[in-house]
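Q: After the structure tokens below, expect a handful of questions from me.
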Amino acid sequence: MGICLVAWRSRAIWKWLLLALFVYLAANIDPRADLVLYIGLFCWGLLCFLESGLRLALATTIFIGLAAFSVLVKANFLVLVGLSSLLIAFGPRSPR
């Protein structure tokens with residue numbers, strides 16, 4: 001769902017390129033669960049920067065839930081989730 005929302009906010013060429021690349025990579029990489037977690041964290045983290053208002057709250061809640069799940073699944077996600085959370089919390093915000 002996260003990758004579809006990021007693609008929806010992109011231009012037409014990037015939208016289809018992103019979706020095609022994801023389908024190709026998800027089908028051909030051996031540890032598929034890790035790829036899905038990485039892509040999910042990236043997309044929901046990116047949506048935390050792009051959205052505002054109620055959608056921002058929803059994107060942040062889903063990112064936190066996915067982050068907690070990924071840390072419980074594999075301990076090496078702790079570093080990635082920690083750095084991503086710091087970047088989201090203290091990163092630059094564009095005025096809207």
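A quick yes/no check of all residues on (1) loosely packed, with under 13 Cβ neighbours inside 10 Å; (2) touching a Phe, Trp or Tyr at 6+ places or on another chain (Cβ under 7 Å):
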| site | (1), (2) |
| --- | --- |
| TRP16 | yes, no |
| LEU19 | no, no |
| ASP30 | yes, no |
| LEU35 | no, no |
| LEU46 | no, no |
| LEU58 | no, no |
| PHE63 | no, yes |
| VAL73 | yes, no |
| SER84 | no, no |
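Q: Test each condition in (1) at pLDDT below 90; (2) under 14 Å from GLY2 (Cα atoms) for ARG55 and report the one that comes out false.
A: (1)
Q: I would also like to ask the following. Given the residues ILE62, ILE3, which is the only one that is in contact (Cβ under 8 Å) with a residue 60 or more places away in the chain and under 24 Å from SER85 (Cβ atoms)?
A: ILE62
Q: Can I ask one more? Could you grab the pairs with beta carbons closer than 9 Å, sequence gap of 6+ or different chains, first residue in the stretch 20-40 and in contact (Cβ under 8 Å) with a residue 12 or more places away in the chain, second one assigned to a loop (DSSP other than H, G, I, E, B)?
A: ALA33/LYS74; ASP34/LYS74; LEU37/LYS74; GLY40/MET1
The values are calculated or read from the model by the stated rules, or taken from the named source; none is laboratory data. Since the structure is predicted, the reported quantities are computational estimates derived from the model, not experimental observations. For neighbour counting, all protein chains shown are included, and Cβ atoms are generated from backbone atoms with ideal geometry for every residue, glycine included.
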